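What follows is one structure encoded as structure tokens, with my remarks underneath.
The values are calculated or read from the model by the stated rules, or taken from the named source; none is laboratory data. The shown structure was predicted, so the numbers you read here are calculated from the model rather than taken from an experiment. Positions of Cβ are backbone-derived with ideal geometry, glycine not excepted, and every protein chain shown enters the neighbour counts. What goes into the accessible areas is simple: the full protein's heavy atoms, side chains included, and nothing from ligands, DNA or RNA. Shrake-Rupley method; radii C 1.70, N 1.55, O 1.52, S 1.80 Å.
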Amino acid sequence: MGWLTNSVFRRVVTEEYARDSLENILFSIARFHEVTGNYPDRITVVGFEFKRERFVDVHRRALRYPRIRFNYVGINPPGDAARLVAAEKKNAYEPFSRDLYACEGTLAEKRRERNPFMLAHGYHRSCPEISALFDYCPNPLSSVFDGDLPWLN
């Protein structure tokens with residue numbers, strides 16, 4: 001394809017600890033901070049269109065990331081869209097809506113299952129400004145984190 005030039009390749013980094021979609025965003029923010037020393041001014045997520053509402057309405061809200069600086073690019077996969085939308089709603093959107101930070105039940109169990117070697121990220125140390133978010137479990141589970149966050153300043 002020709003787009004992965006040396007210039008681009010030198011700027012590519014990965015995040016290897018996320019176990020679910022919320023952590024994909026949160027840990028990517030942390031990894032960006034590790035690499036650049038800054039928190040991102042804007043976020044663009046590229047994913048399946050049927051996941052848009054979960055990322056924009058649930059995860060973005062849980063992280064209190066400003067909507068105007070959060071973009072979701074949806075791609076329609078081939079196949080039965082209605083079936084995918086129904087499965088997304090039942091298995092991801094609704095559970096995350098009830099348990100924003102995946103603290104209990106099936107969401108917490110999925111996290112445990114996706115980390116069989118019990119690896120731990122180092123973001124508490126490298127990103128102290130957002131460390132409270134990494135283990136945040138509110139009561140009730142649908143409560144939004146109300147602490148200081150660098151992207152709100």
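Tabulated results
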| quantity | calculated |
| --- | --- |
| Qualifying residue in segment 73-83 (condition: over 16 Å from the mean Cα position of the chain (by Cα), more than 12 Å from Asp20 (Cα to Cα), of a type outside the set (Ser, Thr, Tyr) and open to solvent by less than 40 Å² (accessible area, probe 1.4 Å)) | yes |
| Gly147 being touching a strand residue (DSSP E or B) at 6+ places or on another chain (Cβ under 7 Å) and small (Gly, Ala, Ser) | no |
| Helices (runs of 4 or more DSSP H) contained in segment 99-141 and holding at least 3 residues of a type outside the set (Gly, Ala, Ser) | 105-113, 123-126 |
| Residues (aromatic (Phe, Trp, Tyr) and open to solvent by less than 20 Å² (accessible area, probe 1.4 Å)) located in segment 24-54 | Phe27 |
| Members of segment 1-52 that are assigned to a helix (DSSP H, G or I), acidic (Asp, Glu) and over 13 Å from the mean Cα position of the chain (by Cα) | Glu34, Glu49 |
| Qualifying residue in segment 56-76 (condition: within 21 Å of His124 (Cα to Cα) and in a loop (DSSP other than H, G, I, E, B)) | yes |
| In segment 119-150, residue most open to solvent (accessible area, probe 1.4 Å) [restricted to those that are closer than 20 Å to Arg31 by Cβ and of a type in the set (D, E, K, R)] | Arg125 |
